Amino acid sequence: MKKQLTYERAHELYQYMDGVLVNKIGRQRAPKGAVVGTPDGNGYLIAMADGVRIKVHRIVWLMHNGAWPSQSIDHVNGVRSDNRIENLRDVDQIENSRNQQLRSTNSSGVTGVYWNYIHRKWQAAIFVNGKKIFLGRFSDIEAAGKARKEAEAKYGFHPNHGRKPVPRQ
């Protein structure tokens with residue numbers, strides 16, 4: 001079983017400074033004062049702590065809250081490398097999925113809205129608890145987008161859902 005990083009050990013190894021972790025002590029390839037974290041293929045920063053790979057946002061949560069997150073950590077603004085504590089929230093997987101950025105494969109520019117070739121209209125839909133809910137067909141994309149946003153509000157989606165992430169200032 002892998003050794004789990006403790007609150008005390010995290011504070012021995014790292015210092016939190018406005019969303020980044022900095023090494024307090026020098027280790028092999030990580031000198032004292034160096035910013036901690038290497039990007040993984042999904043945009044999250046990964047740290048090595050006592051031989052264990054850990055996502056930096058989870059260490060930040062531990063250092064601020066004294067315990068590991070009980071569920072998933074959501075980056076509120078959608079920027080996976082923005083680990084400021086005010087940008088992190090401990091949520092279940094369903095809630096986390098309700099704050100996704102616009103997918104790169106989206107062709108309409110609006111989450112949940114697509115062109116229906118058979119009816120030659122814009123169609124809006126939303127997935128809630130694994131079920132697709134049809135919201136209607138519309139002559140213009142704005143009306144379809146409005147229906148989708150109203151459904152997101154009704155079903156408790158985060159206001160950022162479907163937006164492009166805001167770059168960190």
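Any read-out appearing in this document is the output of simple, stated calculations on the displayed coordinates, not a laboratory observation. Only a predicted model underlies this, so the values are computations on that prediction, with no experimental measurement involved. Every residue, glycine as well, gets a Cβ built from its backbone with ideal geometry; the counts of neighbours run over all protein chains shown.
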- [ ] Treating only the Cβ atoms of Lys and Arg (+1) and Asp and Glu (-1) as charged, compute the dipole magnitude of the chain about its Cα centre; round to the nearest 20 debye.
- [x] 460 debye
TODO: Search the structure for amide H atoms under 5 Å from the amide H of Ala34, placed 1.01 Å from N in the peptide plane, and list their residues when 5 or more places away or on another chain.
DONE: Asn23
Task: Given (1) 63, 28, 25; (2) 67, 35, 25; (3) 62, 48, 25, the label whose value is Cα extents along the principal axes in Å derived from this model - done: (1)
TODO: Provide the gained length on full extension for the span Ile118 to Arg27, in nm with one decimal, where the gain is 0.36 nm per separating residue minus the Cα-Cα distance.
DONE: 26.6 nm
- [ ] Hand me the trypsin sites (Lys or Arg not before Pro) from the range 95-151 located in a DSSP loop with no more than 10 other Cβ atoms within 10 Å, in residue order please.
- [x] Arg103, Arg120
Task: Segments 71-84, 32-45, 12-25 sorted - mean Cβ within 10 Å per residue, highest first - done: 71-84, 12-25, 32-45
- [ ] Report, by chain and number, residues whose modeled amide H sits under 5 Å from the one on Gly136, excluding near sequence neighbours (fewer than 5 apart, same chain).
- [x] Ala124
Task: Karplus 3J(HN,Hα) series, Hz, for the range 116-124 with 6.51 cos²θ - 1.76 cosθ + 1.60 (x for Gly, Pro) - done: 8, 5, 5, 8, 6, 9, 7, 10, 10
Open item on the list: At a 10 Å Cβ-Cβ cut-off, how would you order Tyr114, Tyr155, fewest neighbours first?
Closed with: Tyr155, Tyr114
Task: Rounded tilt (10° steps) of 56-65 against the dominant C-alpha axis of the chain - done: 70 degrees
Task: Helix 141-154 vs. the chain, principal-axis angle (Cα, 0 to 90°, nearest 10) - done: 60 degrees
Task: Kirkwood Rh, Cα atoms: Rg over Rh of the range 102-154 - done: 0.94
